[in-house]
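The block underneath contains the structure these notes are about, expressed in structure tokens.
The values are calculated or read from the model by the stated rules, or taken from the named source; none is laboratory data. Values in this document were obtained by computation on a predicted structure and should not be read as measured data. For neighbour counting, all protein chains shown are included, and Cβ atoms are generated from backbone atoms with ideal geometry for every residue, glycine included.
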Amino acid sequence: MFAFGNAGGFSNQMADDATGVARGFWRKIRRVAAEIPFAEDAIAAYYCSLDRATPVRVRAALLGALAYFVLPTDLVPDFLPGLGYTDDAAVLAATLQLVAAHILPEHREVACRALAQLAASHEKS
């Protein structure tokens with residue numbers, strides 16, 4: 001298994017940024033997971049960014065892509081039907097291509113479980 005940590009190997013500023021991204025990430029992913037086809041990839045990227053074994057440069061790239069996803073205003077507003085998340089998906093896909101070797105099966109397994117939990121909690125509400 002891998003070691004999660006919010007700040008292991010990060011500067012204080014990067015740790016603060018990671019905390020902000022984490023807070024916004026879970027709020028947004030709960031709201032939109034059922035609507036976006038890249039939810040599992042986004043969650044895997046999130047867990048990879050928390051893994052202390054992931055190189056800092058990779059963690060920083062992933063946090064940047066996740067921050068873009070979390071931002072309420074971006075290139076294409078998220079509320080536009082059919083187009084809203086295309087820029088978020090493109091940024092995440094490009095970042096994942098660059099760091100694909102660092103997204104481990106363990107990250108994907110945890111993401112799959114988290115997505116299943118989100119779906120189950122969404123069905124209950």
| query | Given (1) modelled with pLDDT of 85 or more; (2) in a helix (DSSP H, G or I), where does D17 come up short, assuming only one miss? | reply | (1)
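Tally the residues that are acidic (D, E) and at pLDDT 80 or above, restricting the search to the range 57-97. Step through it out loud before you land on a result.
The initial filter retains those residues of the range 57-97 that are acidic (D, E), namely 74, 78, 87-88.
Filter once more, keeping what is at pLDDT 80 or above: 87-88.
So the count comes out to 2.
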| remark: Inside the range 20-56, the number of residues satisfying the requirement of being of a type in the set (A, V, I, L, M), assigned to a helix (DSSP H, G or I), at pLDDT 90 or above and out of contact with any strand residue (DSSP E or B) (no Cβ under 7 Å at 6 or more places or on another chain) is 7
